[in-house]
Amino acid sequence: MEVVEVKGFEIQGLVLRTRNEIEMNPETANIPKHVEYVDSNLVINYQSGARAYSVYYNYESDVDGYFDVLMGSNEISSSNVALSSVSVLPGSYLKFESEGEFPAAVIAAWQSVWSYFTSSNCAHERAYTTDFEHYESASKVSVYIALK
């Protein structure tokens with residue numbers, strides 16, 4: 001993991017409101033169904049350099065509260081449904097990387113995030129503003145956590 005400076009940018013996509021307690025239970029998890037919904041309704045032109053993102057924002061409180069997640073891209077070629085957009089805020093982010101099969105690589109990245117921020121040697125504080133996943137390839141994801 002490393003601290004990186006992120007310039008603000010816009011992502012368009014489809015929004016889901018949820019919380020970690022819901023997502024930790026395979027019987028109640030909404031994110032996998034939302035991924036399918038996004039994949040069946042949005043076209044992202046990866047050949048042009050566009051990449052997929054999931055942006056976490058509108059946090060109710062902290063890791064235990066509700067939040068919105070917008071799944072989409074910086075370049076949507078077409079959509080079957082109305083899109084929402086969110087601005088990723090500029091600032092310092094802690095970047096966690098993971099490689100492997102999806103969704104296991106994404107889950108592993110988030111486990112690293114939670115492990116770090118609950119550890120006694122954590123040197124950073126989460127801002128709970130905009131966090132995001134950047135799907136860099138079919139097998140690599142980076143999770144960026146906004147810092148105070």
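The values are calculated or read from the model by the stated rules, or taken from the named source; none is laboratory data. Quantities reported herein were computed from a predicted structural model and do not represent experimental measurements. Neighbour counts are summed over all protein chains in view; Cβ atoms, including those assigned to glycine, are modelled from backbone coordinates with ideal geometry.
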Completion exercise
In the range 39-65, anything farther than 24 Å from Y128 by Cα and either among the aliphatic types (A, V, I, L, M) or surrounded by 14 or more Cβ atoms within 10 Å (Cβ to Cβ) (or both) is listed as N41, L42, V43, I44, Y46, A50
Practice task
Could you please let me know if I22 is at pLDDT 95 or above and not in a strand (DSSP E or B)?
Solution key: yes
Practice task
Among the candidates S48, S137, single out the residue that is more than 16 Å from the chain's Cα centre (by Cα) and at pLDDT below 95.
Solution key: S48
Problem - Among (1) outside any strand (DSSP E or B); (2) of a type in the set (S, T, Y); (3) under 20 Å from K7 (Cβ atoms), the one test that T28 misses - result: (3)
Fill in the blank from the handout: Those residues of the range 14-39 which are in contact (Cβ under 8 Å) with a residue 24 or more places away in the chain and over 14 Å from the mean Cα position of the chain (by Cα) amount to E21
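One line per residue, one yes/no per condition, for (1) of a type in the set (G, A, S); (2) over 22 Å from V38 (Cβ atoms); (3) modelled with pLDDT of 95 or more:
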{"position": "D62", "(1), (2), (3)": "no, yes, no"}
{"position": "N74", "(1), (2), (3)": "no, no, no"}
{"position": "S77", "(1), (2), (3)": "yes, no, no"}
{"position": "S92", "(1), (2), (3)": "yes, yes, yes"}
Exercise for the section: Can you give me the ranges of the strands (runs of 3 or more DSSP E) entirely in the range 62-148 with at least 1 residues that are without any contact (Cβ under 8 Å) to a residue 40 or more places away in the chain and either of a type outside the set (K, R) or touching a helix residue (DSSP H, G or I) at 6+ places or on another chain (Cβ under 8 Å) (or both)? Expected result: 76-79, 130-137
